[in-house]
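Following: one structure in structure tokens, then a few remarks.
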Amino acid sequence: MIIVGCFSWSCFMVLQAITLKSYPDELAVSAWICLLATIEGAIVALIMERGNPEVWAIKWNTTLLATLYCGIICSGAAYYVQGIIIIERGSVFVTAFNPMGMIIVAFMG
């Protein structure tokens, strides 16, 4: 699974670089990425949580705040910054610093 994950992430970076060369609007590309990920995630959640409608209830607690933070900051802003860096420096620069995320998370954890 780690090999599949690494291969998929590298394919995603290459496709993002190709897309940004022909369509250089980083914000629109990151919005499309997040929208399609939301649709895919909803489909997977519908399949995995079939027959359990209470998981779709919005609860006003820290889980909602954590979900919004992760969606807006961790995904949306990160894809936007990655798009800018891919246009400025290339996709190799983004993937070279990708392992730093795990180190930062481990340190903060």
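The values are calculated or read from the model by the stated rules, or taken from the named source; none is laboratory data. Just so it is clear, the model here is predicted, and its values are computed rather than measured. Here Cβ is always computed from backbone atoms with ideal geometry, including for glycine, and neighbour counts include all displayed protein chains.
For residue 49, the criteria (1) closer than 23 Å to residue 77 by Cβ; (2) modelled with pLDDT of 85 or more; (3) of a type in the set (Asp, Glu) hold in every case but one, which is (1). Residues of the stretch 1-34 that are under 21 Å from residue 97 (Cβ atoms) and not in a helix (DSSP H, G or I): none at all. Pairs are defined by a Cβ separation below 8 Å, a sequence spacing of at least 6 or placement on different chains, a first member in the stretch 96-109 that is surrounded by 10 or more Cβ atoms within 10 Å (Cβ to Cβ), and a second member that is assigned to a helix (DSSP H, G or I); the pairs so defined are 98/9.
For the stretch 75-87, the criterion of being touching a Phe, Trp or Tyr at 6+ places or on another chain (Cβ under 8 Å) and not in a helix (DSSP H, G or I) is met by no residue.
Yes or no: the stretch 70-83 includes at least one residue that is more than 19 Å from residue 101 (Cβ to Cβ) and either exposed (fewer than 11 other Cβ atoms within 10 Å of the Cβ) or of a type in the set (Val, Ile, Thr) (or both). Walk me through it before giving the result.
First, pick out the residues of the stretch 70-83 that are more than 19 Å from residue 101 (Cβ to Cβ): none.
The answer is no; no qualifying residue exists.
Yes/no matrix, rows are residues, columns are (1) outside any helix (DSSP H, G or I); (2) at pLDDT below 85; (3) surrounded by 11 or more Cβ atoms within 10 Å (Cβ to Cβ):
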position: 36; (1), (2), (3): no, no, no
position: 40; (1), (2), (3): no, no, no
position: 60; (1), (2), (3): yes, no, no
position: 65; (1), (2), (3): no, no, no
position: 68; (1), (2), (3): no, no, no
position: 94; (1), (2), (3): no, yes, yes
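Before we move on, is residue 47 among the β-branched types (Val, Ile, Thr) and either touching a Pro at 6+ places or on another chain (Cβ under 9 Å) or assigned to a loop (DSSP other than H, G, I, E, B) (or both)? No, not satisfied.
Cβ-Cβ distances below 8 Å connect the following pairs, each with a first residue in the stretch 16-33 that is within 17 Å of residue 94 (Cα to Cα), a second residue that is of a type in the set (Asp, Glu) and in a helix (DSSP H, G or I), and a separation of six or more residues or different chains: 20/26. Could you please let me know if residue 10 is modelled with pLDDT under 80 and surrounded by 11 or more Cβ atoms within 10 Å (Cβ to Cβ)? Answer is no for this residue.
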